Amino acid sequence: MKPILLQGHERSITQIKYNREGDLIFSVAKDTVANVWYSVNGERLGTYNGHTGALWCVDCDWDTKNVLTGSADNSCRLWDCETGKQLAMLNTSSAVRTCGFDFSGNIIMFSTDKQMGYQCFLNYFDLRDPQQIEDNQPYLTVPCPESKITSAVWGPLGEFVIAGHENGEINQFSAKSGEVLKKVKEHNKQINDIQTSVDLTMVITASKDCSSKLFDSTTLDHIKSFKTERPVNSAAISPIMDHVVMGGGQEAMDVTTTSTRIGKFEARFFHAAYEEEFGRVKGHFGPINCVAFHPDGKSYSSGSEDGYTRIHHFDPQYFDFELEV
């Protein structure tokens, strides 16, 4: 399994996303640039230039027409995927931490950080209404006074957003009324990442409490837990196998105080049903900040604190693998 190394960022990768077909990978980092790559050979297709601060999040709509990025320069921007042209810029009063298109591609959500005296907000915009964009007025704003949102994804059918918070809570916020539909607290530390399964029926969380958990996305029932001895920065669900991949490592600031071997900068594979770890992939020189499966399940990517994104195409043996219980 020889990885393809994507070198297009000067600072640590914050998020990577595949589009729905999986032919493109979008990567954002703390160096103000959003890159888009061909996933098959790792060739860079282009960049989206305009942000003036670190980028925290990226998303692409279902037909790969538009790209959304959120940044610490207090803006969320909409781009034309093909040309790289900036279509809209939504200014906020604090850094944009998460962003996402709903399945229709018409509604976007993004959350802002609690900083500089401003509290955390979850904003919903309807892109079909140019007036909202022009006036920078979301049709719905949900304040989150207790604990800020650290990661969020759209639930099935675009009815609500599933958000993970700094205190370990998971909430469902309705996209129509903004009310909290469901609330669970299975983690006791910050949730670093939430990702959905391909059919949106499940979500997987990655938390600072060294575990990753699988939930039903509608009822928020806790289904499975995957435990490690290090904080988990990101986790993803395989679209074809009962596998999850987790990336983590210690905090970036502790990296230099330990030897590289202890660093444990591996991606770890767990069996989703048996909660057993069955494999690890080495390669990064820093903690893995984000992992993502290709929509066809035949490869996965990881982005790290070292500024590199690696695409790993699985060997044939992987698909025949049976975990012996």
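The values are calculated or read from the model by the stated rules, or taken from the named source; none is laboratory data. Remember, it's a predicted structure, so these values are computed and weren't measured experimentally. Note that we place each Cβ from the backbone using ideal geometry, even for glycine, and neighbour counts take in every protein chain shown. Note: accessible area is taken over every heavy atom of the protein model, side chains too, but ligands, DNA and RNA are not part of it. Shrake-Rupley method; radii C 1.70, N 1.55, O 1.52, S 1.80 Å.
Worth pointing out:
- Number of the exception - residue 305 against (1) in contact with a Pro (Cβ under 6 Å, 6 or more places away or on another chain); (2) within 18 Å of residue 271 (Cβ to Cβ): (2)
- Taking region 20-128 and the strands (runs of 3 or more DSSP E) fully enclosed by it, the elements with 1 or more residues that are surrounded by fewer than 19 Cβ atoms within 10 Å (Cβ to Cβ) and of a type in the set (A, V, I, L, M, F, W, C) are at 44-48, 86-91.
- Applying the criterion of at least 2 residues that are among the polar types (S, T, N, Q) and open to solvent by 20 Å² or more (accessible area, probe 1.4 Å) to the strands (runs of 3 or more DSSP E) found wholly in region 140-230 leaves 191-196.
- Of the strands (runs of 3 or more DSSP E) lying entirely inside region 274-313, those carrying at least 3 residues that are small (Gly, Ala, Ser) are 299-304.
- The single condition among (1) touching a helix residue (DSSP H, G or I) at 6+ places or on another chain (Cβ under 6 Å); (2) under 17 Å from residue 54 (Cα atoms) that residue 103 does not satisfy is (2).
- Residue within region 263-277 that is open to solvent by 40 Å² or more (accessible area, probe 1.4 Å), in contact with a Ser or Thr (Cβ under 7 Å, 6 or more places away or on another chain), at pLDDT 85 or above and under 24 Å from residue 296 (Cα atoms) present: yes
- Region 176-197 - residue that is among the basic types (Lys, Arg) and more than 27 Å from residue 245 (Cβ to Cβ) and, of those, nearest to the chain's Cα centre (by Cα): 183
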